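One structure is given below, encoded as C-alpha cells.
The values are calculated or read from the model by the stated rules, or taken from the named source; none is laboratory data. Since the model is a prediction, treat every value here as computed from it, not as a measurement. Neighbour counts are summed over all protein chains in view; Cβ atoms, including those assigned to glycine, are modelled from backbone coordinates with ideal geometry. What goes into the accessible areas is simple: the full protein's heavy atoms, side chains included, and nothing from ligands, DNA or RNA. Shrake-Rupley method; radii C 1.70, N 1.55, O 1.52, S 1.80 Å.
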Amino acid sequence: MTPALRKLRDLFDDMSADAPDNHGRIAQLERRIRSDTRRRAAGAALAGATVLTAAGIFIPTFLSPGPAVPPHETAAAVQPAAELPQRFTSGDGSAYRRLASATLKAQSKGEKKVSVTVPVSGKPLEVAALCPKGNPLEVARPRVVVNGEPSRNWFQQCMTREGMGMVQDPVSVPKGVKQVTITFDISCARKKGEPCPTRAFWQPADWPLAVYEYTPPARPVEPDPVEAFPSRLGTLKLAGQASGVWPRESSFALTVTSPGGYFRIEHRCTGDLVDRLSISYQIGDEPSRGEWTCNRHRALDETNAMLWSEKVPKGTKITISGKVRVQAGHPNRQVGWSVGVYESKIVKLAH
C-alpha cells in the first residue's frame with residue numbers, strides 16, 4: 001500500500017469512528033461497487049457524479065481534486081491566540097456559561113492530554129474548542145473522555161475547513177454524579193480492545209478548550225426556513241421532497257416513479273444544532289443505508305453527490321423513507337430539515 005493510500009485509509013477510519021454501528025456496511029459497499037461498475041459499463045450519463053458511500057459517511061468536497069497544499073504550509077499547525085467566551089447566547093436563545101477552560105499544548109509543549117473537573121447541575125453539558133489553523137485533514141484532534149470513558153466526540157467539525165472557529169459537542173453525563181472529569185486526549189482514547197490507527201502524518205496543535213453548561217430556551221424556537229432545492233441539478237430533475245422541523249417531524253416517506261435510471265438523495269438543515277442532526281435512509285426494500293449528518297458548509301452541486309439508489313426500472317414506483325434524529329438535542333432547540341430526491345435518466349448513447 002502506497003503512503004498516499006495508507007493516509008487516505010487512516011483518514012476514512014477516523015471519519016467513520018463516530019458512525020452508528022451497522023454490520024451491513026461491507027455488503028452495502030460491495031453492492032455500491034457492483035452498481036457503479038455496471039453503471040460505467042452501460043455508459044450511464046450521470047453528469048460525472050461519481051460517489052462512494054460507505055460506513056454512514058460521504059466524501060466531502062474538501063477531498064475533491066484541487067490545488068495541492070505546499071508542504072511548508074502543513075509542517076506545523078499554528079494555534080491562534082484566543083480564548084473561548086465565559087458566557088454567550090446561541091441563536092436560538094440558549095444561555096451558555098463556561099464551567100472550566102484549558103489549553104492542550106500539543107505543539108508548544110508536546111502534551112498528549114489535559115483534564116478539567118466540573119460540577120454537574122442537571123443542565124446539559126457541552127465541550128467546545130477553537131479549531132486551529134493548518135490543513136484540517138492533518139491536524140491531530142483531541143478525543144473527549146468522560147470519567148475515563150471515551151465518548152464519540154472528536155470535534156469532527158474542524159475537518160470541514162481550516163480555522164473555522166469555535167465548535168461544540170454534547171457530553172453524556174453518568175446518572176447520579178455530582179461532578180465529572182473531562183479529558184481531552186490526542187493519543188487515541190479508544191475504548192478497551194479497539195485498536196489505535198497509526199497516523200504519522202497528523203500534526204500537533206495547541207487547542208483552546210472549554211466545558212459549558214447551558215439553559216435551553218423556555219419555549220420552542222422555530223428555525224429559519226430551509227433553502228429550497230433547485231428544480232434541476234445539472235442533468236438531474238427534482239422528483240420529490242419532504243420537509244419538517246425536528247422534533248415535531250422526525251420521519252418521512254416519499255414515493256417517486258423511476259424514469260429508468262437512478263435516484264440521488266440530498267438533504268439540507270437549519271438551526272443551531274444542524275451539525276448534530278442525522279438522517280437514516282431506506283430506499284424501497286433495500287436495507288437501511290446508515291445515517292448521514294447534516295453539514296452546514298457542504299455545497300450542493302452536480303459532482304458532490306451524497307447518496308445514490310440502485311438502478312430502478314422505468315415506471316417503477318419506489319418509496320424512499322427516513323428517520324431524523326438529533327444527538328443530545330433539546331425539544332425547544334428545533335432544527336429544520338429538508339430532503340430532496342433527484343431522478344437521473346439513463347440516456348443510450350448513439351453508436
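May I ask you to list pairs of residues, at least six apart or on different chains, whose Cβ atoms are under 6 Å apart, with the first in region 231-249 being free of Cβ contacts under 8 Å to residues at least 40 places away in the same chain and the second being open to solvent by less than 80 Å² (accessible area, probe 1.4 Å) and of a type outside the set (Gly, Ala, Ser)?
Pairs found: 231/238.
Could you tell me whether region 103-110 includes any residue that is free of Cβ contacts under 8 Å to residues at least 60 places away in the same chain and either surrounded by 15 or more Cβ atoms within 10 Å (Cβ to Cβ) or of a type in the set (D, E, K, R) (or both)? Can you show your working first?
Residues of region 103-110 free of Cβ contacts under 8 Å to residues at least 60 places away in the same chain: 109.
Filter once more, keeping what is either surrounded by 15 or more Cβ atoms within 10 Å (Cβ to Cβ) or of a type in the set (D, E, K, R) (or both): 109.
The answer is yes; a qualifying residue exists.
Can you pull out the residues in region 241-263 that are small (Gly, Ala, Ser) and either over 30 Å from residue 222 (Cα atoms) or assigned to a loop (DSSP other than H, G, I, E, B) (or both)?
Restricting attention to region 241-263, the residues satisfying the condition of being small (Gly, Ala, Ser) are 242-244, 250-251, 253, 258, 260-261.
Residues satisfying the conditions are 250, 258, 260, 261.
Could you run through region 273-285 and say how many residues are among the charged types (D, E, K, R) and either closer than 17 Å to residue 340 by Cα or open to solvent by less than 10 Å² (accessible area, probe 1.4 Å) (or both)?
Taking region 273-285 and keeping what is among the charged types (D, E, K, R), we get 275-276, 285.
Imposing the further condition that a residue be either closer than 17 Å to residue 340 by Cα or open to solvent by less than 10 Å² (accessible area, probe 1.4 Å) (or both) reduces the set to none.
The total comes to 0.
Under 8 Å by Cβ, and 6 or more places apart or on different chains, what pairs join a residue from region 272-300 that is at positive phi with one that is open to solvent by 20 Å² or more (accessible area, probe 1.4 Å) and assigned to a loop (DSSP other than H, G, I, E, B)?
Once the first residue is at positive phi and sits in region 272-300, its partners that are open to solvent by 20 Å² or more (accessible area, probe 1.4 Å) and assigned to a loop (DSSP other than H, G, I, E, B) give 290/20; 290/22; 290/55.
Just checking, how many residues over region 123-146 are open to solvent by less than 70 Å² (accessible area, probe 1.4 Å), within 24 Å of residue 178 (Cα to Cα) and outside any strand (DSSP E or B)?
Going through region 123-146 one residue at a time, the tally reaches 1.
Report yes if some residue within region 286-295 is open to solvent by 50 Å² or more (accessible area, probe 1.4 Å) and over 19 Å from residue 167 (Cα atoms); otherwise report no.
First, pick out the residues of region 286-295 that are open to solvent by 50 Å² or more (accessible area, probe 1.4 Å): 287-288, 293.
Right, trim to over 19 Å from residue 167 (Cα atoms) and you get 287-288.
Yes, region 286-295 contains a residue that is open to solvent by 50 Å² or more (accessible area, probe 1.4 Å) and over 19 Å from residue 167 (Cα atoms).
What are the residues in region 231-240 that are outside any strand (DSSP E or B) and at pLDDT 95 or above, if any? So that I can check it myself, show each step before the final result.
Pass one, region 231-240, residues outside any strand (DSSP E or B): 231, 234-235.
Within region 231-240, just 231 meets the criteria.
Name, by its number, the condition in (1) of a type outside the set (Val, Ile, Thr); (2) open to solvent by less than 50 Å² (accessible area, probe 1.4 Å); (3) modelled with pLDDT of 90 or more that does not hold for residue 149.
(2)
Could you pull out the residue among 332, 304, 295 that is under 16 Å from residue 236 (Cα atoms) and not basic (Lys, Arg)? Please lay out each step first, then the result.
Working: 332 fails: under 16 Å from residue 236 (Cα atoms); 295 fails: under 16 Å from residue 236 (Cα atoms).
The match here is 304.
Taking the stated definitions as given, is residue 52 open to solvent by 50 Å² or more (accessible area, probe 1.4 Å) and either modelled with pLDDT of 80 or more or within 30 Å of residue 259 (Cβ to Cβ) (or both)? Walk me through how you get there before you give the answer.
Details: open to solvent by 50 Å² or more (accessible area, probe 1.4 Å): yes; either modelled with pLDDT of 80 or more or within 30 Å of residue 259 (Cβ to Cβ) (or both): yes.
Here the answer is yes, as residue 52 does meet what is asked.
Within region 204-229, which residues are assigned to a loop (DSSP other than H, G, I, E, B) and over 16 Å from residue 247 (Cα atoms)? Please lay out each step first, then the result.
Filtering region 204-229 down to residues assigned to a loop (DSSP other than H, G, I, E, B) leaves 204-205, 216-220, 222-229.
Those that are assigned to a loop (DSSP other than H, G, I, E, B) and over 16 Å from residue 247 (Cα atoms): 204, 205, 227, 228, 229.
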